[in-house]
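The values are calculated or read from the model by the stated rules, or taken from the named source; none is laboratory data. Keep in mind it's a predicted model, so treat the numbers as computed, not measured. As a convention, Cβ positions derive from the backbone with ideal geometry for all residues, glycine included, and neighbour counts pool all protein chains shown.
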Amino acid sequence: MSARLPSATVNGAPLGLEGVTSATNALDWLRSSGLTGAKEGCAEGECGACAVLVARPRATDAGDATEWIAINACLVPAASLDGQEIVTVEGLGSPDELHPVQSELALRGGSQCGYCTPGFVCSLAAEFYRADRTSPGCDPHALSGNLCRCTGYRPIQDAADALGMPSGDDPYARRRAAAAPTAVPTRLTSATGTYARAADLSDALALIAEHPEGVLVAGSTDWGVEVNLRAARSPFVIGIDRVDELRTLEEHDDCVVVGSALTLSEIEQRLGNRVPLLAELLPQFASRLIRNGATLGGNLATASPIGDAAPALLALEAEVTLASASGERSVPLSEFFTGYRQTVRRPGEIIRHVSIPLPLSPIAAFHKIAKRRFDDISSVAVACALDVRDGVISKARIGLGGVAATPIRALSTERRLEGQPWSESTVGEAARTLRDEGTPMGDHRASAAYRRAMLGTALLRLHADHGEPVSTDGVRV
Ligand SMILES: Cc1cc2nc3c(=O)[nH]c(=O)nc-3n(C[C@H](O)[C@H](O)[C@H](O)COP(=O)(O)OP(=O)(O)OC[C@H]3O[C@@H](n4cnc5c(N)ncnc54)[C@H](O)[C@@H]3O)c2cc1C
Ligand code: FES
Ligand code: FES
């Protein structure tokens, strides 16, 4: 029997992955195959000109089995799309037969030079086909990862607001009823190295044990930037984005367990508001396009001092479970980061999941200070979770990002708050302590003084928002 040749279905027809290396991104593969609609604007996930649609299993059990998800083609390894279904702007419509999204953009003057337009069309098409969209119009987050230099956005927003609903015979709407493609056992070897998709967790653990020099890749929103802009290469890339054991979400009486390879969009959909701190954080994390790939495992593994998940998970007292070929261990997140971009993770270990203990503290907030509202990296992130009993702060947990070489807990401030009345004067005193936590640096995003000032305001804001006494069942009295 002949070996299966790696390929994907693009706009309904097979497209081979011959010639693709472990470092080739999906955008380069599509464009070199003649599908030049998707553009390269930045090659680092910032502009969305490269957006395409992929068919993915629906995140929740409700209704249709498949969702059309928009992703940044510039970031994902082309090899990771083996066996998958992709739609590019060419597959949506043509000049003679415009897709409804293209019609709206054209009608309302939403395209000038046109460079960004294919990306906007794909993001808008994902919104058009979003399974839980029940009325015309557009979620503002749908376009948060797309930039345009020409239109000033108003006409694009008009087109988005005018989006109707798919007709009954729309082939992409109908496609959602059938199952999404499953992950296939890809192994693609080239001069730059091998891309191997792990079949399951034990396969992933065996592969990383066998290739300790290899790199695990989930959403590739960090790794893809390293490959494109810093010429990072690995002799062995292990795709873990479709490993079922890393994609579970479990709710127990005493904890919520979130799989490391669920995308942030999937977590948003599946968790809803059950962990309010995460529900507040996730819409502020990058853009919809990035959240459709990015994972918690990738965010924690990079140990970025300005990563957004860590401050929230520190305030939630989360634990990280690491799996290896020789077993599993759990580490409190507060002990996970050991230095600048360093963690306790040993070679051969994979972050399996993150566990958030219950019950949650009723007073919680995530403050991200960044230059832009959407799609920006934090200058400072502050996450707070407080228990207040009979007007007294019985527990305070504060996670900080952007103020030290690693995400940290604001331990002095926590001590300063605990046992004190939940009052403006307590908060005012503690805010002065919080300003002095960490060792913020000045850089192109913010000066050290600005970062300190922002730390100082976070608690005042928390008190202003949640200052009234809260009864034991969490209801304002
Ligand atoms: C435009 C843009 C905007 C961004 N905005 C934000 C933002 O607002 N906030 C923020 O915090 N980050 C942001 N990021 C960074 C990035 O999106 C996140 O860090 C994301 O969570 C990484 O997840 P991933 O699955 O894509 O990681 P990948 O790129 O797949 O992997 C990153 C690293 O983690 C390792 N890794 C991945 N999964 C595991 C695992 N389960 N176990 C062990 N190691 C693992 C990989 O080996 C690799 O070294 C942004 C990135 C871009 C490109
Ligand atoms: S080229 Fe800019 S996001 Fe991909
Ligand atoms: S139309 Fe020119 S960049 Fe958007």
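Got a sec? Which helices (runs of 4 or more DSSP H) wholly within region 59-133 have at least 3 residues that are over 26 Å from the mean Cα position of the chain (by Cα) and surrounded by fewer than 18 Cβ atoms within 10 Å (Cβ to Cβ)?
Fully inside region 59-133 and qualifying: 100-107.
I'm trying to understand the selection: among the residues of region 1-42, which are out of contact with any strand residue (DSSP E or B) (no Cβ under 8 Å at 6 or more places or on another chain), in a loop (DSSP other than H, G, I, E, B) and surrounded by 15 or more Cβ atoms within 10 Å (Cβ to Cβ)?
Once the filter is applied, which keeps residues that are out of contact with any strand residue (DSSP E or B) (no Cβ under 8 Å at 6 or more places or on another chain), in a loop (DSSP other than H, G, I, E, B) and surrounded by 15 or more Cβ atoms within 10 Å (Cβ to Cβ), region 1-42 yields GLY37, LYS39, GLU40, GLY41, CYS42.
Kindly indicate whether CYS122 is within 16 Å of ligand 3 (Cβ to nearest atom) and in the same structural domain as ILE69 (by TED's automatic domain parsing).
Spelling it out, CYS122 is indeed within 16 Å of ligand 3 (Cβ to nearest atom) and in the same structural domain as ILE69 (by TED's automatic domain parsing).
Report, by residue number, each residue of region 9-19 that is modelled with pLDDT of 95 or more and in contact with a Phe, Trp or Tyr (Cβ under 9 Å, 6 or more places away or on another chain).
Of everything in region 9-19, those that are modelled with pLDDT of 95 or more and in contact with a Phe, Trp or Tyr (Cβ under 9 Å, 6 or more places away or on another chain) turn out to be LEU15, LEU17.
Which members of region 110-166 meet the condition of being farther than 22 Å from ASN292 by Cβ and either within 16 Å of ligand 1 (Cβ to nearest atom) or in contact with a Lys or Arg (Cβ under 6 Å, 6 or more places away or on another chain) (or both)?
Correct list: PRO155, ASP158.
Please go through region 36-95 and give me each residue that is among the hydroxyl-bearing types (Ser, Thr, Tyr) and in contact with a Ser or Thr (Cβ under 8 Å, 6 or more places away or on another chain), ordered by number.
SER80
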